[in-house]
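The structure appears right after this line, and notes come after that.
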Amino acid sequence: MADYAHYLPDAERDLRSRSSLAQLLHIDVFLLLPLLVLMLGGLVVLYSASDESWTTVIRQLRNMAVALVGMAIAAQIKPETYCRWAPALYLVGLVLLAAVPVVGVKAMGAQRWLSLGFVRFQPSELMKLAMPLMVAWWFAREGIPPRPMSLAVALLLVLLPAALIVIQPDLGTSLLVAASGLFVVFMAGISGWYIAAAVLMLVASLWPAWMFMLKDYQKQRVLTLLDPEADKLGAGWNIIQSKTAIGSGGWTGKGWLAGTQSHLDFLPESQTDFIIAVLAEEFGLRGVLTLLLIYLLIIGRGLWISLTAQTLYGRLLASAITLTFFVYVFVNIGMVAGILPVVGVPLPLISFGGTSMVTLLLGFGVLMAISTERRIITR
Amino acid sequence: MASRRPALSDTGRESAINSGRVIVAGALVLLAFVTLGWRYYSLQIVDYQQFLVQSERNRVRLEAVPPKRGLIYDRKGRLLASNEPSHRLSIVLERVDDLDELLAQLKALVVISEDDIRRFEQRRRRRRPYDPVPLKLQLSDEDMAVLAVNRHQLTGIAIEAQLTRHYPYGDLLSHVVGYVGRINEREAATLDEAAYQGTLHIGKIGLEKRYEALLHGTVGYQNVETNAHGRILRVLDQQPPTDGANLYLYLDVDLQRVAAEALGDQRGAVVALDPKNGGVLALVSNPSFDANLFVNGISRRDYNALRNNPDTPLLNRAVQGRYPPGSTVKPMLGLAGLEMGLVTAETMIPDPGWYSLPGDSRRYRDWILRIRGTGHADEVNLQMAIAQSCDVYYYDLAREMGIDRMADALAPFGFGAPTGIDITSEKAGILPSSEWKQRAMGQPWYPGETLSAGIGQGYMLATPLQLAQATVALANRGESFTPSVVRRIGNKQVGGLPREPVAASEDHWATVIAGMVDVVHNRRGTAHAIAGGLNYTIAGKTGTSQVIGIAQDEEYDEDTIAERHRNHGWFIAFAPVDAPSIVVAVLAENGGGSSAAYPVARQVIDQWLLAGAVDG
């Protein structure tokens with residue numbers, strides 16, 4: 001370093017000060033930059049999707065500010081602290097989930113909310129974070145590859161909260177929460193045979209699940225996916241309109257604020273779950289590919305952090321958080337385009353809403369904590 | 001901790017396992033993103049055109065712009081049929097999730113009758129799903145306010161502004177102008193659907209029906225951008241409609257009102273024509289009805305009240321009412337007698353007050369016999385016979401003429417055929433002949449029937465309009481025109497269409513008209529009662545026609561006879577005699593006699609000649 005500094009005196013100072021500032025704040029710049037670009041772009045789309053409502057944009061900005069602060073705080077906490085507190089957090093989440101059917105608040109036909117007087121929140125959101133923390137803690141403790149007993153315990157850890165969420169009922173969230181735990185199991189290196197067996201069992205259980213477990217509205221969603229034209233004005237309406245919005249955008253899009261599907265109210269949920277249809281309609285395939293690229297950069301950085309993490313716990317946790325994020329992205333973008341059933345998953349960091357924004361950025365805060373821990377140690 | 005993680009080599013192995021899995025995960029992520037990219041590529045590039053069309057179709061709706069219906073004005077520019085703005089509640093079915101629920105919601109807010117629902121169901125069948133289907137017409141201000149407040153909960157409703165026909169003169173002109181009503185299923189079946197897109201009303205009767213094609217105009221179209229709730233946001237392009245043509249009438253509302261008021265409660269009809277062109281100056285049929293009742297669907301109760309009314313207000317007596325013309329045919333028959341050489345102006349006929357056919361003991365009485373016990377005079381000539389309405393003179397003339405020549409002589413005056421007036425439902429009346437009787441009744445003609453025909457009784461039936469039409473020919477000494485209510489359509493002159501004139505020599509016309517002048521101005525004239533204070537000359541003819549046959553020896557006693565069996569009173573007239581500017585025919589149904597009719601004619605003519613009604 002000193003040699004180079006001789007020739008480029010400013011460079012070293014720049015490099016040192018920048019990296020040291022980021023280090024000092026435990027911020028991963030390569031993660032932060034695409035996140036910020038994504039969120040800013042999201043505001044631009046939201047402004048259009050909300051029919052140019054500054055109120056909505058400002059509220060979303062406030063959500064983002066809160067979430068970013070949360071992320072910054074989460075980044076300051078050492079991974080080993082997370083590891084230590086994971087069981088406690090998981091237990092709290094479990095208790096809260098169990099409490100929902102007893103003291104929860106009903107909204108839209110499902111009992112998912114807990115009221116704390118000043119704020120209502122969904123314990124399942126907490127579980128989205130607590131789950132990977134917990135399963136990673138377990139495998140970090142047990143070592144990998146897992147022995148059958150520890151694998152069984154891990155699956156129990158995954159299934160317990162998932163089951164509690166299913167009975168709310170919220171099948172979509174339950175699957176996502178379960179996925180975030182299963183990613184840890186996958187990362188822990190379970191044998192390919194286990195995975196193959198699991199897939200087989202899943203396929204085998206499809207028919208009984210359809211017959212006995214799925215509720216009518218859930219079946220409807222699947223049927224709608226297969227044939228949205230069957231019920232044009234009912235269940236199929238959303239998906240037909242979103243596909244129309246996307247398709248009519250073409251390569252270049254209709255232009256910002258010029259999307260007819262969204263601005264004329266044909267597109268439902270255009271500020272929340274279906275916001276990518278607005279983007280696709282107004283910015284075309286160009287916009288969609290750009291969005292996918294930014295998501296890819298974030299996921300890639302997350303996986304990189306996982307690869308280079310100093311501890312097993314960090315590695316498992318980083319990849320689980322990253323892959324969970326990926327699943328949100330994939331499920332949302334896929335369902336709006338009509339290749340996955342419609343489940344209530346917002347487009348990460350772009351859809352309007354505070355809860356998911358905070359949960360996601362807290363996750364990225366944890367990622368940054370893992371990422372910056374490595375650097376500090378390297379130094 | 002140390003016991004659970006025993007060796008450094010394990011950490012290395014863990015790291016290797018984990019790295020492998022991260023790489024696998026990364027590959028899966030890439031695969032997933034390629035799938036997404038491919039999906040969006042296929043939607044946005046491969047199927048782009050299809051979705052573009054679909055989004056355009058979503059957003060853009062082709063909409064009919066109904067033309068404004070042509071207005072109707074009287075001769076002085078007064079509006080007789082106008083278009084008033086109103087609002088209607090419609091439903092865009094495509095946007096409605098649950099129609100029953102929406103209807104229930106709407107019923108809670110505004111009054112929606114079973115009739116409305118029934119009509120809605122009818123209309124619904126012939127509309128495309130994105131077309132608004134009218135549910136309730138003529139929303140009140142309160143309805144509008146209530147709907148505006150609840151608008152956000154009522155997805156799929158549309159409030160449409162429209163123009164509705166209004167007849168400011170109510171019942172005064174219903175039998176002339178007629179009315180429009182909602183297009184019914186039968187009409188819809190035969191209608192050019194494209195031409196009537198967006199139009200709910202169609203002319204049902206009167207001028208409104210006769211001139212429907214011109215009044216309606218040509219439908220226009222516009223492309224409108226709508227949102228998902230069917231609300232129109234802007235018009236993208238349009239082909240404007242061509243509004244219907246305005247009708248300008250010969251008719252004078254003032255004269256019409258005077259005629260209607262002169263009739264008062266008397267059932268009957270008044271037809272006033274302009275002898276210079278056949279223009280209808282007034283056409284009254286009493287009683288009448290309010291045309292506005294029919295515009296948006298008359299209620300069953302109102303309709304039954306009109307239909308079951310014994311005074312038949314829906315019957316247009318002026319053009320549909322068929323009555324024996326009675327003595328009003330005497331001037332025409334007299335003219336025919338002169339032209340055929342059967343009589344001359346000087347021919348005198350003895351008048352004992354009755355007449356009988358040779359070899360037949362039956363006595364045909366003169367109406368005067370009942371009053372005076374004798375005839376009009378020892379001998380009567382044609383002028384006197386007209387002035388005093390001498391039946392004996394005409395019994396004799398009729399016998400000599402015979403029924404078939406009589407029919408031939410009356411036909412050119414317009415009897416026995418529709419006049420061709422430009423309002424609907426005109427009746428032809430009956431002009432009997434031996435051939436007619438054989439055809440209609442399968443019986444030969446009897447000589448006694450000829451005598452009845454000679455005084456306008458028996459089988460002969462005429463409408464008040466036909467008598468007015470015949471009187472035009474008398475007033476003009478032969479010339480007449482097809483009667484026309486409409487003078488001008490837009491800038492195009494209509495009306496004044498000449499008919500084949502009645503041919504007769506000047507002298508013969510003069511004799512007959514002199515008789516008609518005496519009807520009013522001679523002391524012994526049958527309508528002398530209206531001569532008081534006249535400063536112009538009226539030529540007229542009274543008529544009384546029997547409703548039921550009176551037996552030969554039976555007395556006709558007005559007091560004891562049922563009102564509906566009383567005689568009809570007629571009066572036809574034109575004035576001034578030297579340069580006729582108005583012709584009037586008045587029918588007083590069951591009025592007892594012509595005295596119920598001629599005062600009406602006097603008032604109408606006074607209004608026309610004296611009250612400054614005459615214009616260019």
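In percent, how large is the relative contact order of the stretch A:83-214, given Cα pairs closer than 8 Å and 6 or more residues apart?
Computed over the stretch A:83-214, the figure is 24 percent.
Count, for each residue of B:91-102, the Cβ atoms from other chains sitting within 10 Å of its Cβ, then give me the mean as a whole number.
Mean partner shielding for this stretch: 1.
Quick check of the Kirkwood formula: for the stretch A:127-278, what is the inverse mean of 1/r over all pairs of different Cα atoms, in Å?
Answer for the stretch A:127-278: a Kirkwood hydrodynamic radius of 18.5 Å.
Dipole of the protein assembly as shown (Lys/Arg Cβ +1, Asp/Glu Cβ -1, origin at the Cα centre): which of A:Leu367, A:Leu349, B:Gly373 lies farthest to the positive side?
Ranked along the dipole, the leading option is A:Leu367.
Where the centroid of each part is defined by its Cα atoms, how far is the stretch B:482-503 from the stretch B:175-243 in Å?
29
Which whole-number percent gives the relative contact order of the stretch B:63-249, counting Cα pairs below 8 Å spaced six or more residues apart?
Answer for the stretch B:63-249 is 36 percent.
So, in nm, how far is label B:Thr537 from label B:Leu28 when the simple model puts each one 7 Å beyond its Cα toward the Cβ?
With each label placed 7 Å out from Cα toward Cβ, I get 11.8 nm.
I'd like the projected area of the stretch B:63-249, averaged over all directions, using the convex hull of its alpha carbons. Report it in nm² with one decimal.
That works out to 11.3 nm², a quarter of the Cα hull's surface.
What does the highest-first list of A:54-67, A:162-175 look like by mean Cβ count within 10 Å?
Ranking, from highest mean packing down: A:162-175, A:54-67.
Roughly what angle does helix B:391-401 make with the longest principal axis of chain B, taking Cα atoms, 0 to 90 degrees, to the nearest 10?
Once rounded, the angle reads 80 degrees.
Run the dipole for the stretch B:322-429 about the Cα centre, Lys and Arg Cβ at +1, Asp and Glu Cβ at -1, nothing else charged, and hand back the magnitude in debye, nearest 20.
460
Would you mind checking the tilt of helix B:506-521 against the longest principal axis of the Cα atoms of chain B, expressed as 0 to 90 degrees and rounded to 10?
Tilt of helix B:506-521: around 90 degrees.
Count, for each residue of B:54-64, the Cβ atoms from other chains sitting within 10 Å of its Cβ, then give me the mean as a whole number.
4
Which whole number gives the average, over all residues in A:143-152, of C-beta atoms from other chains lying within 10 Å of the residue C-beta?
If you average over the peptide's residues, the count of other-chain Cβ atoms is 2.
With an 8 Å Cα cut-off and a minimum separation of 6 or more residues, compute the relative contact order for chain B in percent.
Reported relative contact order: 14 percent.
Can you tell me the dipole magnitude for chain A around its Cα centre, using point charges on the Cβ only (Lys, Arg +1; Asp, Glu -1), in Debye to the nearest 20?
800
If you take the square roots of the eigenvalues of the alpha-carbon gyration tensor of the protein assembly as shown and sort them as a ≥ b ≥ c, do you get rounded (a/c under 1.5), prolate (a/b over b/c) or oblate?
prolate
Top mean-square fluctuation among A:Val92, A:Val103, A:Val177, Gaussian network model of chain A, C-alpha springs under 10 Å?
A:Val103
Please find the FRET efficiency linking A:Met201 to A:Leu257, where r is the Cβ-Cβ separation and R0 is fixed at 51 Å, and quote it to the nearest 0.05.
0.55
Quick one: angle between helix B:8-41 and the longest Cα principal axis of chain B, in degrees between 0 and 90, rounded to 10, please.
With both axes taken from Cα atoms, the answer is about 20 degrees.
Per residue of chain B, what 222 nm ellipticity follows from adding -39500 (n - 2.57) for every DSSP H run with n ≥ 4, rounded to the nearest 500?
Calculated from helices alone, the mean residue ellipticity at 222 nm is -10500 deg cm²/dmol.
Out of A:Ala140, A:Ala197, A:Ala178, any idea which swings most in a Gaussian network model of chain A, alpha carbons joined below 10 Å?
A:Ala197
Return the single residue from A:Leu349, A:Leu303, A:Leu160 with maximal mean-square fluctuation; model: Gaussian network over chain A, springs between Cα atoms under 10 Å.
A:Leu160
Lys/Arg Cβ at +1, Asp/Glu Cβ at -1, dipole of chain B taken about the Cα centre: which of B:Ser299, B:Gly12, B:Ser288 is farthest positive-ward?
Comparing the listed Cα positions along the dipole, B:Gly12 ranks first.
All of the numbers you see were taken from the coordinates with simple rules; none came from a lab. Note that the structure is predicted; figures quoted are calculated from it, not measured. Every residue, glycine as well, gets a Cβ built from its backbone with ideal geometry; the counts of neighbours run over all protein chains shown.
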